1. If we only count helices (runs of 4 or more DSSP H) wholly inside the stretch 291-370, which ones have 2 or more residues that are touching a strand residue (DSSP E or B) at 6+ places or on another chain (Cβ under 8 Å)?
2. Quick check, is Asp68 among the charged types (D, E, K, R), buried (at least 23 other Cβ atoms within 10 Å of the Cβ) and away from ligand 1 (no atom under 16 Å from the Cβ)?
3. Take the residues of the stretch 232-255 that are assigned to a helix (DSSP H, G or I) and surrounded by fewer than 15 Cβ atoms within 10 Å (Cβ to Cβ): which is nearest to the chain's Cα centre (by Cα)?
4. Going through the stretch 75-123 one residue at a time, which ones are over 20 Å from the mean Cα position of the chain (by Cα) and among the acidic types (Asp, Glu)?
5. In this structure, does Arg39 turn out to be closer than 20 Å to Pro446 by Cα and surrounded by fewer than 23 Cβ atoms within 10 Å (Cβ to Cβ)?
6. Tell me yes or no: at least one residue of the stretch 22-29 is more than 16 Å from ligand 1 (Cβ to nearest atom) and more than 19 Å from the chain's Cα centre (by Cα).
7. Within the stretch 150-167, restricting attention to residues that are among the small types (Gly, Ala, Ser) and more than 24 Å from Val117 (Cα to Cα), which residue is nearest to ligand 2 (Cβ to nearest atom)?
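The values are calculated or read from the model by the stated rules, or taken from the named source; none is laboratory data. None of these values were measured; they are calculated from a predicted model. Using ideal geometry, Cβ is built from the backbone for each residue, glycine included, and neighbour counts are taken over all protein chains shown.
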Amino acid sequence: MSDFKFLTGSEDWWRQAVVYQIYPRSFADSNGDGIGDIRGIISRVDYLKTLGIDAVWLSPHYPSALADGGYDVDDYRNVDPRLGTLEDFDEMIEQLHRNGIRVIVDIVPNHSGSNHVWFQEALRSPKGSPARDRYIFRDGKGENGEIRPSELVSHFGPTAWTRITEPDGTPGQWYMHLFAPEQPDFNWDNPEVREDFLETIRFWSDRGVDGYRIDVAHALTKNLANGHLPERTGYDLSLVKHDGSDDLFDRDEVHEIYKSWRKVFNEYNPPRMAVAEAWVHPERRPPYASTEELGQSFNFDMLGAGWNPARIKSIADYNLGEAKKQGTSTTWVLSNHDVIRHATRLGLPDDTDFFRWYSPNRFNPGVDEATGLARAKAMTQLLLALPGSTYLYQGEELGLQEHLTIPAEQMQDPQFFRNPDVGFSRDGCRVPLPWARSGSSLGFGPGGAHLPQPAWYVDYSVEAQSGQKGSTLELYRELLRMRSELVCAEEMAWVRHWFNKNVLHFKRPNGWQSITNFGSKPVKLPKGRLLVSSKPLVDGKLGANTTAWLK
Ligand code: GLC
Ligand code: CA
């Protein structure tokens, strides 16, 4: 087990950390089976160190049927054999810690995978049994129970109910799944379920894991008592009640669970951190992030900000204010494994609803890639200068665009298959990384890649960008190196540019300044020493789509 003494101490390491999300199956493949693995991560520790991040967050690394890219967990206290062993995992922690990099893992508590021993036991056990009570089983309506219990729609469409065959071979009860049928929802009123997750958190904390990202953290507790079953059609935040009494999401009781987790986190030194993935109304985010609960909650607001300075400013003000009230720090996110890469998003006309845009335009996208990349770099540089922590997604440091032309038959995302009329897929941001200019999977591994890499990936490869002045990768390295020296008290103040609404400019207490030009005309730089700009200056001025730091 990992000897992580050298990383104890600083309890607050996460407050302004740069966290790099690894999607393990698409990061690096050590054995050529086309699937990234733990030894692949180990082989890239140097890369991560040189990049200059503070922590990695691993998307699920557990045994899984991969019905939803690993978010269908079959065993919470093990490593997927395709990814490696527990010994490999320990070695990975050891190596990362030795290089000053903390480790966050994903916890998926709303549902298990359908091959989990508990779900299999529930299928074998009779109606009303304790084994069934760990999940959400209900009788169907109609004479023979053939009509689903409610019209609840799954997040991946179409229905959230699947009927099982009873052990005696007859058609039987139905179970609820907010996501795919391979992801049965747990019944969080069941004490065994609660106990089991505490054990899981202890298991990984004992192995030296520093923190947790909590998947769909707002959905665990549901109002299903006395035959009540929600009939909602689809998951739309605007339909979710604001007062904690919604049937499905963000119910007040969910906070009891996280308070019990916090007690366990605090048994460790330093206390384990956690960050909630809670798609709730912004004013309902604070309790998840309180010091009595998870400590942080993702603020996804910048994902929808587009290239709009007024919106970005108000999002920054709001989230910094809320975090301060809660005694926590906010989290800046532009990309992750669920959304279209921000270099592509920002190359679309502002205000594009990118979920709607995707399916009719996949092969004819109309993306201005150069503008998208310039804006992506400028936005990332802006966010890296704000107080709070920043979550980066693997490949964004290479400036990767979304891969939009994956043939339908090679798609893996259940969201693509289960919503044929929407046709949205998350696979385009999950394509194995290009490490080299050549080789069967561009250095991803000695074999192929589980999702096809487009030809243009060659120019975005680590090899093509390393040591190249002006490359996205070298910009990220420089930004992160400088940031680690510049980071200071969690305060900022805007510098107003009364005559130019297209500029966002702010200062940190130590004199660190960030200025972004959202307009098309070059802007004069403020006083100070220029440290780094996301694009070269234009005649000594800050050009369009550019951020600069000064001190
Ligand atoms: C979260 C994950 C997503 C997954 C879903 C169900 O939103 O980020 O990838 O499909 O939860 O677990
Ligand atoms: Ca592999």
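1. Numbers: elements: 309-326, 342-345, 354-361.
Per the criteria, 309-326.
2. Details: among the charged types (D, E, K, R): yes; buried (at least 23 other Cβ atoms within 10 Å of the Cβ): yes; away from ligand 1 (no atom under 16 Å from the Cβ): no.
Answer is no for this residue.
3. Restricting attention to the stretch 232-255, the residues satisfying the condition of being assigned to a helix (DSSP H, G or I) are 237-239, 254-255.
Applying the additional criterion that residues be surrounded by fewer than 15 Cβ atoms within 10 Å (Cβ to Cβ) yields 237-239.
Working: Leu237: 18, Ser238: 22, Leu239: 23 Å.
Of everything passing the filter in the stretch 232-255, Leu237 is nearest to the chain's Cα centre (by Cα).
4. Asp75, Glu87, Asp88, Asp90, Glu91, Glu94, Glu121
5. Values: closer than 20 Å to Pro446 by Cα: yes; surrounded by fewer than 23 Cβ atoms within 10 Å (Cβ to Cβ): yes.
Taking the combined requirement at face value, the residue satisfies it.
6. Yes, because at least one residue in the stretch 22-29 is more than 16 Å from ligand 1 (Cβ to nearest atom) and more than 19 Å from the chain's Cα centre (by Cα).
7. Kept after step one, since they are among the small types (Gly, Ala, Ser), are these residues of the stretch 150-167: 150, 154, 157, 160.
If we keep only those that are more than 24 Å from Val117 (Cα to Cα) too, we end up with 150, 157.
Numbers: Ser150: 41, Gly157: 31 Å.
Looking at the filtered set, the residue picked out is Gly157.
Here is a yes/no grid of residues against (1) of a type in the set (A, V, I, L, M, F, W, C); (2) modelled with pLDDT of 95 or more; (3) farther than 23 Å from Ala17 by Cα:
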residue: Trp204; (1), (2), (3): yes, yes, no
residue: Leu220; (1), (2), (3): yes, yes, yes
residue: His228; (1), (2), (3): no, no, yes
residue: Val254; (1), (2), (3): yes, yes, yes
